[in-house]
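Notes to accompany the following structure.
The values are calculated or read from the model by the stated rules, or taken from the named source; none is laboratory data. Predicted model, so just to flag it, every value in this text is computed and none were measured. FYI the Cβ positions are ideal-geometry reconstructions off the backbone, even for glycines, and counts take in every protein chain you see. To get the accessible areas, we keep the full protein, side chains included, count just its heavy atoms, and leave off ligands, DNA and RNA. Shrake-Rupley method; radii C 1.70, N 1.55, O 1.52, S 1.80 Å.
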Amino acid sequence: MNPTLTSDQSLLLLPPPTAPKSFLPSTRPNPRTITFRTHSPLTRSHPSPKFTIRNDPVPRRAVIRPRAYSGDAESVPISRKESDAPSAFEFITSERVKVVSMLGLALALCNADRVVMSVAIVPMSLAHGWSRSFAGVVQSSFLWGYLISPIAGGALVDRYGGKVVMGWGVALWSLATLLTPWAAETSLWALLSMRALLGIAEGAALPCMNNMIIRWFPQTERSRAVGIAMAGFQMGSAIGLMLTPILMSKSGIFGPFVIFGLSGFLWLLVWLSAVSQTPEQNSQISRNELEYILKNRQKVKDTSKRKNVIPPFGRLLSKLPTWSIILANAMHSWGFFVVLSWMPIYFNMIYRVDLRQAAWFSAAPWCMMALMGYFACAWSDMLIKSGRSITLTRKIMQSIGFIGPGIALIGLTRAKSPVIASAWLTLALGLKSFSHSGFLVNLQEIAPHYAGVLHGLSNTAGTFAAILGTVGAGYFVELVGSFPGFVLLTSALYFLTAIFWDLFATGERVNFDETVS
């Protein structure tokens, strides 16, 4: 490098390997500044000028700080240890949080589109002369479509990735929601078909969420990511229940279907333009975030070119950790849909509360579930960072998520007023959200390459349990004559499932190459 003198003959450059002989050091005011006088013949007619070479603490190797990832890992120098945990501000403003926020919005739309019918079914039944039992058939048509799609959706997710499948899923379920008014006015079979299509399309939502989180989040942040996404899922229930009556009063019975359907297509535009399948493909991600993700996440094989599309169902089902997840999801869905479907009627039957007020008593706990879910996930990540094993952490979270609601439901049956009963129900759902840091994260850990299809299997079991619990509650009350008795049965099932989980669940990757458990 040839030094160039400025007007005051000062230079800022790295010190040369050997100082030229024409420069004689005269003073050294501080460790960073060396002052020289020149004896060059060119300056004899003038006072001997002096200039300084300031030895700033600049690294000897140039550091390149590009904003976007170029695709060549070797061309990106490392400025800090990849395993260094980011600050809270860096986490909140990171690209991976933007991705999981979009997933949370998708899940909010997913649940909102489900519950719109639970509100609109009352005026629709009056308009078409449907009985209460037939109205139940219309609502259950969603579950029949949802019954098998999680397995197929999970397999597609494992093959093509979460971004593509989630995009198609949102497009299809938004179309089904948008066309529901037309279907209701056309024929009963058209309406049932649209509701079944809604269930089929939404079956891939949770497997897509898991696939994207595996690719975007290190293991120590995975619970928080699931917490953010599932908070959207729970808030979707509250949003749908609260907005649907307002929208119906302003735009008619079918107004909410049109508005929620169009919202899905708006989400889809943002998803396709701003979200990438992997961090490596993202043009907006910072170098530090990319290094951190690549260093700390689990490696996931690219299965898009795999010839064998059929997953190894036999090997997956031969392991007890798989069954611990399946049973946990089944119990989780049982409690979820029993509360969603029957708690307003429970408050009406037991406490003689008006159904509209009972809906508010039943809706408040969903907001608590969203808040407690994120707290549980953040605590789970803290336990892992502090040195607790993943297996122990998952067992702690899942135990709270099942034993806690089991105890709270017992308190619900002993409550003497609707306010106290609502408090117990809020506690039950709040503690239930700890399951998101249990089985919902665990399936990513035991089978990262088959997380989608494993989620599909467990979701299908959950759908069976949801149908059995929702239908069985009505028959149980008719036969036994006791609604609190069914609540106590649900509590006992929570305890039994928690025991099975604690015995057979694991946080380590399971070898599915062998059939011996």
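Label zone of F504 (point 7 Å out along Cα→Cβ, amide N under 19 Å): in segment 373-393 this covers 391-392. Using the Cβ-Cβ distance between S318 and L272 with R0 set to 45 Å, the FRET efficiency from 1/(1 + (r/R0)^6) comes to roughly 0.70.
Structural descriptor for segment 95-301: relative contact order 36 percent, calculated from alpha carbon pairs under 8 angstrom and at least 6 residues apart.
Across segment 148-226, C-alpha contacts under 8 Å between residues 6 or more apart give a mean separation that, scaled by the residue count, equals a relative contact order of 43 percent. Across segment 315-516, the relative contact order, built from alpha-carbon pairs under 8 Å that are at least six residues apart, equals 39 percent. Taking all protein chains into account, the per residue accessible area for segment 183-265 stands at 31 Å² (1.4 Å probe). Length gained on full extension, Y160 to V471, computed as 0.36 nm times the residue gap minus the Cα-Cα distance: 108.4 nm.
Please report the spacing between the Cα centers of segment 176-194 and segment 254-278 in Å, no decimals. Segment 176-194 and segment 254-278 have Cα centres spaced 20 Å from each other. Solvent-accessible area per residue in segment 315-516 equals 40 Å², computed with a 1.4 angstrom probe and all protein chains kept.
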